[in-house]
1. Checking A:Asn238 against (1) over 28 Å from A:Ile281 (Cα atoms); (2) open to solvent by less than 50 Å² (accessible area, probe 1.4 Å), which test does it fail?
2. Looking at (1) within 23 Å of B:Val230 (Cβ to Cβ); (2) among the acidic types (Asp, Glu); (3) free of Cβ contacts under 8 Å to residues at least 40 places away in the same chain, which one does B:Glu311 not meet, given that it meets all the others?
3. Scan the range A:207-234 for residues that are among the hydrophobic types (A, V, I, L, M, F, W, C) and open to solvent by less than 20 Å² (accessible area, probe 1.4 Å) and report the count.
4. Do you know which residues across the range B:219-263 are of a type in the set (Ser, Thr, Tyr) and in a loop (DSSP other than H, G, I, E, B)?
5. Using beta carbons and a limit of 7 Å, which pairs, at least six apart or on different chains, have the first residue in the range B:32-43 and under 16 Å from B:Val4 (Cα atoms) and open to solvent by less than 10 Å² (accessible area, probe 1.4 Å) and the second one charged (D, E, K, R) and more than 6 Å from ligand 1 (Cβ to nearest atom)?
6. Which helices (runs of 4 or more DSSP H) does the range B:11-127 wholly contain that include 3 or more residues that are within 16 Å of ligand 1 (Cβ to nearest atom), within 21 Å of B:Ile187 (Cβ to Cβ) and within 14 Å of chain A (Cβ to nearest Cβ)?
Amino acid sequence: MNRLKLPPWLVLLLPAIIILSAVVLIPLVLSLYSSFTSYRLTRPDSIFNWVGFFNYEKALTDVKFWAAFGRTVLLLTVALNLEMLFGLGLALMVSKVTQGQRLLRTMMMFPMMFSPILVGFQFKFIFNDNVGLVNNALQSLGITDQAIPWLVDGHLAMFSIIFAEIWTATSVFGILILAGLYAIPRDPLEAAKVDGCTAWQSFRYVTLPFLMPFIYIAMAIRSLDVARAYDIVQIMTNGGPARRTELLWTLIGRTGYVDARMGYANAMGYISIFLAIFFTIYFFKKLTQSRKELGMGA
Amino acid sequence: MAQVHLRDVVKKYGPLEVVHSINLDIADGEFVVLVGPSGCGKSTTLRMVAGLEGISGGQVKIGGRVVNDLPPRERNISMVFQNYALYPHMTVRENLGFSLKIAKQSQADIDKAVDEAAEILSLTPLMDRKPGALSGGQRQRVAMGRAIVRHPEVFLFDEPLSNLDAKLRTQMRVEIKKLHQKLKSTIIYVTHDQIEAMTLADRIVIMRDGHIEQVGTPLDVFENPVNTFVGTFIGSPPMNLLSGTVKGSSIEFEDGTLLPVPPGYEIADGQAVTFGVRADNIMPVGHALPRGEHMAEVEMAVDLTEPLGTETLLFATLAGTEVQAKMLNPRPVQSGERMTFQIMLDKCHLFDAETGATLRK
Ligand SMILES: Nc1ncnc2c1ncn2[C@@H]1O[C@H](COP(=O)(O)OP(=O)(O)O)[C@@H](O)[C@H]1O
Ligand SMILES: [Mg+2]
């Protein structure tokens, strides 16, 4: 017997290792490597053209990149906070409903059931300045006789995108916060009533601390989602007008696939991922902290 | 300072009525214990007084004021819950001071009241901990502290000791009693444990199936139960019950055993009765209390013994029914040994065989 003897743990882990490297490791290494080259999709041999940190330096000094970065952070902050507030309100209202609550909960999830691409198309139509629903409604009601350029004006376009983003994702907060509401023990709320709390005070001092872990979980999930926002924006404005709604990933997508400069796009991608990682770590820290406040977990 | 009055108080959950027209008057400073088997409506009644449950019918008055439509915070009560119901995200100090903070008292006043309560309940070393870092007994004391800082007119306790182990329970019982002597406020206390009820109460309210069966001092309900339910519920071991028929001045049991009718009862010939005797009043001759005026003797075979140290519980069969008897100054007893027992008739009870109601006039 002269067969190669692998240790059993390695044999057992081998399938996982093979799959992981095929799915994760190889693309990761390849994209990381290519971010140090001047790789262009149109000239495959350029992948061997090592340029060191040139792409990274270029990205970090590029105004367009930082503008997209800032816009993404803005979208994250505004959308997440509004979604949290609306989701909280929605969950509080649904939790008070006594009849047909199941139906309502299911309906709450409808926006999540559509592909973001379709949502993008839908809102592109709704906010269209000529035939869109919003302008039609405003004009019929006599509020304005102008065709408001919802998707053409820079600020309005950003607003429209945030609106669509909130429409699709408020229910993520709604559902998670509702789960939190169901998990609150009844006793401390009753104790608060006896201790003299009004409904608002009970909410502020008892309900909300119990909900915070759920809110932070939703925040962590959604921050990853929004940090990689691409589809809705791509469809609604394509980053326009004049790059006024360009986000990190629409910029990266354009650089990589339209301009074919994949090496540069990958470098920007790696920088952008830090944004997502930062937000996720931040919210997980907050989550752990809020759980500790409640005496849960270590 | 407050009396509490319940007038024809009813609680319905939809069509289901769980508390049926209860009447109860509680004096200022009185310690009243609601006791009864689980599910009899004690908590529901207490929660209606607290304002945590709506009142379906009748009136609840606290300190002469009808409070039916007032929220808990306007009733000047405080409550201790079975599961402590502490705020897990607040320290002990914050838990204790929370109600005062809500009432917008000054920080100095809050600190003073909190420190005082902490002193009374020896919570001072725990003030900066969160409830998660406390033992069951400590949490219980925080819950009580939270109730006393406000100096409410009425304290409500819902089975506050049921989650504690036996030793701690005995200890806390004493503390609650001391607390009542110190604060002198009205207390309504709910428990399913008759020993807790007996040891704590000025007056016991015994409930069953949403009705009040009997109200009285601990000794009163122990010595004069109005029916077989109260007789067996109060006292440990439960009162022995034997079915028989009155024959002249005797009661004849199914196997023909005869016992005299206890003094104080006048019962028509031929009436079916339930004869009630506690283990304390049926003892083997020679291991009993001194003989009283009205005594009877029976011979029984002992089936089983439970030595408790100062006394031994004997399980024997009388007229086909298992009865428990008590042996003072115990000696070892063989299973199957026949012994003569003396029954103290003036401590025995007769109940209507059908309704279970006492036949004492
Ligand atoms: N929210 C409710 N809906 C319907 N029935 C209830 C509700 N709460 C309590 N009950 C019923 O009321 C009765 C009394 O309950 P409770 O007061 O909690 O009893 P306990 O004496 O053990 O404290 C029980 O039969 C219980 O099933
Ligand atoms: Mg109860």
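1. Of everything listed in (1) over 28 Å from A:Ile281 (Cα atoms); (2) open to solvent by less than 50 Å² (accessible area, probe 1.4 Å), A:Asn238 misses just condition (2).
2. Among (1) within 23 Å of B:Val230 (Cβ to Cβ); (2) among the acidic types (Asp, Glu); (3) free of Cβ contacts under 8 Å to residues at least 40 places away in the same chain, B:Glu311 violates only (1).
3. Matching residues across the range A:207-234 total 10.
4. Residues satisfying the conditions are B:Ser236, B:Ser249, B:Thr257.
5. B:Val32/B:Asp202; B:Val32/B:Arg203
6. Correct list: B:42-50.
Results for (1) at positive phi; (2) within 14 Å of chain A (Cβ to nearest Cβ); (3) in contact with an Asp or Glu (Cβ under 8 Å, 6 or more places away or on another chain); (4) open to solvent by 20 Å² or more (accessible area, probe 1.4 Å), shown as yes or no for each residue.
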position	(1), (2), (3), (4)
B:Val142	no, yes, no, no
B:Arg146	no, yes, yes, no
B:Leu156	no, yes, no, no
B:Leu164	no, no, no, no
B:Val174	no, no, no, yes
B:Gln194	no, no, no, yes
B:Thr199	no, no, no, yes
B:Gly210	yes, no, yes, no
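The rows are residues; the columns are (1) over 30 Å from B:Ser135 (Cα atoms); (2) in the same structural domain as B:Ser21 (by TED's automatic domain parsing); (3) polar (S, T, N, Q); (4) touching a helix residue (DSSP H, G or I) at 6+ places or on another chain (Cβ under 6 Å).
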{"residue": "B:Thr44", "(1), (2), (3), (4)": "no, yes, yes, no"}
{"residue": "B:Gly57", "(1), (2), (3), (4)": "yes, yes, no, no"}
{"residue": "B:Arg65", "(1), (2), (3), (4)": "yes, yes, no, no"}
{"residue": "B:Pro71", "(1), (2), (3), (4)": "yes, yes, no, no"}
{"residue": "B:Met79", "(1), (2), (3), (4)": "no, yes, no, yes"}
{"residue": "B:Asn83", "(1), (2), (3), (4)": "no, yes, yes, yes"}
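The values are calculated or read from the model by the stated rules, or taken from the named source; none is laboratory data. This is a predicted model, so every value here is computed, not measured. Note: ideal-geometry Cβ built from the backbone for every residue, glycine included; neighbour counts use all protein chains shown. Note: accessible area is taken over every heavy atom of the protein model, side chains too, but ligands, DNA and RNA are not part of it. Shrake-Rupley method; radii C 1.70, N 1.55, O 1.52, S 1.80 Å.
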